[in-house]
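First comes the structure, then the notes that go with it.
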Amino acid sequence: MERSFTEDASSWSHFYASQEPYYEDLPAEWAEKLSNFQMLLVVRVLRPDKLVGAVSGFLLEAMGQRYVEPPGFDLTSAYGDSDALTPLIFMLSAGSDPMAALLKFSEEGKHVV
């Protein structure tokens, strides 16, 4: 692959500069030589900042949409599974705020026995 970098630098430069390199074809014969997983390794080496998108695309193709999208969250069901010894713990991602859903849930009062 090293020789390919030096002999076809413009093609590799296009791959490197792409906003979505995991959707680009690899230069020269590498598109046919490498498996999808090996393509992930190339993205990891050349564009580690784009690895999450590459892995998502790989999983989508290999396993299907179910393994890429997060499941929906049902607070009523989760609350039903909890008790004084099994509390609800929220692991929040940046920018998420469950407070409105919690307040609405508490106002509905369906959870009170």
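All of the numbers you see were taken from the coordinates with simple rules; none came from a lab. None of the values given here were measured: they were computed from a predicted structure. Here the Cβ positions follow ideal geometry from the backbone for every residue, glycine too, while neighbour counts run over all protein chains shown.
Computed over the chain, the range of Cα coordinates on each principal axis works out to 72, 25, 22 Å, biggest value leading.
When you filter the trypsin sites (Lys or Arg not before Pro) in the range 64-113 for DSSP loop state and at most 13 other Cβ atoms inside 10 Å of their Cβ, you are left with LYS110.
Tell me the mean residue ellipticity at 222 nm calculated for the chain from its helices only (DSSP H runs of n ≥ 4, each -39500 (n - 2.57), averaged over every residue, nearest 500). The helix-only estimate for the chain comes to -14500 deg cm²/dmol at 222 nm. Can you give the angle from 0 to 90° between the axis of helix 36-46 and the longest principal axis of the chain, with both taken from C-alpha atoms, to the nearest 10? The two axes meet at around 80 degrees. A simple count of charges around LEU51, restricted to other residues whose Cβ falls under 14 Å of its Cβ and scoring Lys, Arg +1 and Asp, Glu -1, yields +1.
Estimated at 0.36 nm per residue, the fully extended path between LEU75 and TYR23 surpasses their Cα-Cα distance by 15.0 nm. At full extension, LEU51 and LYS33 could sit 4.5 nm farther apart than now, given 0.36 nm per residue minus the alpha carbon distance.
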